[in-house]
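What follows draws every value from the coordinates through simple rules; no lab data is involved. All figures in this text were calculated on a predicted structure; none of them were measured in a lab. In this analysis, Cβ positions are derived from the backbone assuming ideal geometry, glycine residues included, and neighbour counts consider all displayed protein chains.
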Amino acid sequence: MKTVLVTGGAGFVGSHLCERLIKDGHTVLCLDNFHTGRKSNVAHLLGESRFELIRHDIIEPIRLEVEQIYNLACPASPEHYQANPIQTMKTSVLGTMNLLGLAKRTGARLLQASTSEVYGDPEVHPQPESYRGNVNPIGIRACYDEGKRAAETLCFDYNRFHEVDIKVIRIFNTYGPRMDPADGRVVSNFIVQALRGNDITMNGDGSQTRSFCYVTDLVQGMIDFMNSENHKGPVNLGNDGEFTVKQLADLVLELTGSKSRIVQKPMPLDDPTRRKPDLTLARTLIGYKPAVPLREGLEKTINYFKTLRDS
Ligand code: NAD
Ligand code: UDP
């Protein structure tokens, strides 16, 4: 059993990861500045003797004794990461540097949560890890995309220069319970709008595609890759089913039985047109196979938002 630091642990993905690590018998230090995360996401873990919650911003260094680090701290929704782009860039660059320093001092292995956004608006489909991407370095998404690219660079340089034990994963759109209803990402937006009977805000004509992964499938892949040997990554994790945003809207309307109308909004700048992971490497390295189909994952997520609404 290990002592594991999860930064961004009170966020959507982080809270599921903390929960799973506690279940597996580890001691978990959950660190968060509560920028987009919430204490309520981990409230059910606070009574566990092997769980600790630390309020801290990774932009500042921190001294802790740990054996593994999952670095998830960073707002993930375009709305949130664009609200304060300089803070977003600092989180990815200065924050990751601080955690790599912590890994160097303690000898801990660090897993960096990178993103499919490193591929930008991809010209290769589906995206394999070897594709170097098509990112606009001065656009409104760059604070996140370029920040995450720089964080990958830092991981590999700390590995080459200081032999820090690193793992890099590139996460594709993940959804599930504990997404913040005001998060702004497409799955939570559509479900919340449908349940409230509000208009479904579809950007553009909805023909852009995404591949949606249920959170427990991602967490399984993260833990398996963290504990695997012989490959530092980067490795894609997600689900390789591909859906248009319009298909997602229709499915949410069907599953909620909502009478909401779909209305078109202007397409945001630099919004990727197509996205789908090539999962060959993850399959080969860790036998990765996402198990939850979109319909089933959406049902679970809709139930979560219904419970939240009713409470
Ligand atoms: P989230 O916004 O719910 O979680 C991020 C967490 O990090 C929040 O709890 C937030 O308060 C915390 N945080 C932000 N800046 C911080 C800082 N400077 N110091 C300490 N804590 C800070 O988002 P999520 O979906 O759970 O994403 C988790 C990680 O996975 C992020 O790094 C994100 O970039 C990555 N990722 C997620 C997705 C996805 O679809 N969910 C896709 C690609 C990558
Ligand atoms: N989107 C949408 N309506 C919304 C929120 C998002 O049509 O209310 C679209 C967005 O323009 C993008 C896709 O859904 O094409 C996925 O957006 P999200 O913010 O979830 O993540 P992204 O993959 O763009 O980072």
Point-to-point label distance, residue 79-residue 307, nm (Cα→Cβ direction, 7 Å offset): 2.3
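Restricting the count to DSSP beta bridges whose residues both fall in the chain, what percent are antiparallel, rounded to a multiple of 5? Let's see the in-between values first.
Working: 2 of 37 bridges.
Rounded to the nearest five, the antiparallel share is 5 percent.
Beyond 19 Å, what percent of the Cα pairs of segment 65-139 remain? Walk me through the numbers on the way to the answer.
Details: 1344 of 2775 pairs.
Pairs farther apart than 19 Å: 48 percent.
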Degrees, to the nearest 10: 215-226 long Cα axis against longest axis of the chain: 20
Between 0 and 90°, nearest 10: helix 96-106 axis offset from the chain longest Cα axis: 40
Cα centre as origin, Lys/Arg/Asp/Glu Cβ charges: the chain dipole, Debye: 320
Residue-count net charge about residue 85 - beta-carbon cut-off 14 Å; Lys, Arg +1, Asp, Glu -1: -2
Cα centroid separation - segment 53-100 against segment 169-195, whole Å: 21
Distribution of pairwise C-alpha distances over the chain, 10 Å bins, in %: 6, 28, 37, 23, 6, 0
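Considering only DSSP beta bridges with both partners in segment 171-311, what is the antiparallel share in %, to the nearest 5? Walk me through the numbers before you get to the answer.
Numbers: 2 of 9 bridges.
Here the antiparallel bridges make up roughly 20 percent for segment 171-311.
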Alpha-carbon centroid distance for the pair segment 21-41 / segment 238-311, whole angstrom: 24
Distance between modelled label sites at residue 230 and residue 46, nm, 7 Å Cα→Cβ extension: 4.5
Stokes-Einstein diffusion coefficient of segment 1-115, Kirkwood radius over Cα pairs, 10 °C, 1.306 mPa s, in µm²/s: 114
Cα-derived Rg to Rh of segment 118-173, Kirkwood definition: 1.01
Pair residue 244, residue 23: separation of 7 Å Cα→Cβ label points (nm): 3.6
Fraction of the pair-distance distribution of segment 148-206 above 17 Å, Cα-Cα pairs, percent: 59
